[in-house]
1. In the chain, which helices (entire DSSP H runs) extend 27 Å or more along their own long axis, judged by Cα positions, while averaging at least -0.5 on the Kyte-Doolittle scale?
2. How much of the accessible area of segment 121-239, probe 1.4 Å, is carbon plus sulfur, in whole percent?
3. Using a cut-off of 14 Å between beta-carbons, work out the net charge of the residues near Ile232 (Lys and Arg +1, Asp and Glu -1, Ile232 not included).
4. Classify segment 202-319 as rounded, prolate or oblate from the Cα gyration tensor: take a ≥ b ≥ c as the square roots of its eigenvalues, call it rounded if a/c is under 1.5, otherwise prolate when a/b beats b/c and oblate if not.
5. Given 25 °C and 0.890 mPa s, compute D for segment 121-239 with the Stokes-Einstein relation, Rh being the Kirkwood radius over Cα pairs; round to the nearest whole µm²/s.
6. Could you check which residue among Ala263, Ala176, Ala115 shows the biggest mean-square fluctuation in a GNM of the chain with a 10 Å Cα cutoff?
7. Tell me which residues come under 5 Å, amide H to amide H, from Asn118 once H is placed; ignore anything under 5 positions away on its chain.
8. Is it possible to state the helix-based mean residue ellipticity at 222 nm for the chain, with each DSSP H run of 4+ residues giving -39500 (n - 2.57), the sum divided by total residues, to the nearest 500 deg cm²/dmol? What is it?
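The values are calculated or read from the model by the stated rules, or taken from the named source; none is laboratory data. Please read these numbers as outputs of a predicted model, since none were measured by experiment. Quick reminder, even Gly has a Cβ in these numbers, built from the backbone with ideal geometry, and neighbours come from all protein chains shown. Each accessible area value is taken on the protein alone, full model and side chains, heavy atoms only, with ligands, DNA and RNA left out. Shrake-Rupley method; radii C 1.70, N 1.55, O 1.52, S 1.80 Å.
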Amino acid sequence: MTLLKKLAGALALSVLAIAPAVAQYPDHAINLIIPWAAGGGTDATGRIVANLLEKELGQPINVINRTGGGGIVGHTEISYSPPDGYTLGIITTELSMYHWIGTSPLNYENYEALALFNADPEAVYVRTDGPTLDELLAEIRANPGSIKASGANLGGMAHLGWAGVLTTNGIDPADAPWVPSEGASASLQLLASGAISVVTTTMPDAQPMVDAGEVKPLVVAANERVASAPDIPTAEEALGNKWAAYAWRGIAAPKGLPEDVKARLTEALDKVLTSAEFTEFMAQRNFGVDYRDAAGFEAFMQDADASIGTALQAVGLAK
């Protein structure tokens, strides 16, 4: 019996010796999906998060721009990927809208919230030789359909921001048709070329073209003036009607992420999103920093879903 015990013990030790060690997350490259085109604000902020997170986790992070369907293609791929921590994504305001306008059943419940890092108000832009805000609205009233606008997808926050400016001033949004695009960068190019007359987007997205003298802001849909552009009036100041529309961005994973993996990611993101390097990057490009941890981001998206649904219903865009 003693010999058998010794043999069993030896066998157990040999099995342990040859058994592979359990890999500690992460042990290989991570993919970060961005649902919008390269060159826009989501791409820029997503890439700085990826660069800093790569250093913090010690593994490469491959940034993938998965565009199409007004952000639906990328958001869908994020939600349907394996919940193993090796596919992450930048999710955006549009996620609060898809199910309300009937373009996709996706909503915040399809994701594992990790961190919110950005929120910026929408602003209305025209070419530098374009009309004033009063002239623009007068043209829409006088010649419905003559002014076309863009900024991103149909029913997105840019669209909602534009629709809000119109409806609060007694104008039917159908009188200034929205041209869907794959994001702010594409829309601003359409504006610069003269294909459309108006773009609604966030100030950081438009800043390079403002600096280049190609476009100018008329009004910002914010509760108060933006510190980086103090000369631009709010909708309430310019039009007498209070209207605010904010675009947000955060990082998430597919639903069902293991708790240990989620803990590792949220710990790393806390360091990244509160770092001096991230804060300086955002400040230099006029992006608003709004950092919330996983629980805070989940609660934020829940509130955003409800409030945006109410707004979409108010302007007649909800199904």
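1. Within the chain the helices that satisfy the rule are 294-314.
2. In segment 121-239, the share of accessible area belonging to carbon and sulfur is 50 percent.
3. Working: positive: Lys216, Arg225; negative: Asp120, Glu122, Glu224, Asp231, Glu236, Glu237.
Here the charged neighbours net out to -4.
4. Because a/c hits 1.5 or more and a/b fails to exceed b/c, segment 202-319 counts as oblate.
5. Here the translational diffusion coefficient equals 177 µm²/s.
6. Result: Ala263 has the largest fluctuation of those listed.
7. Arg249, Asp290
8. -13000 deg cm²/dmol
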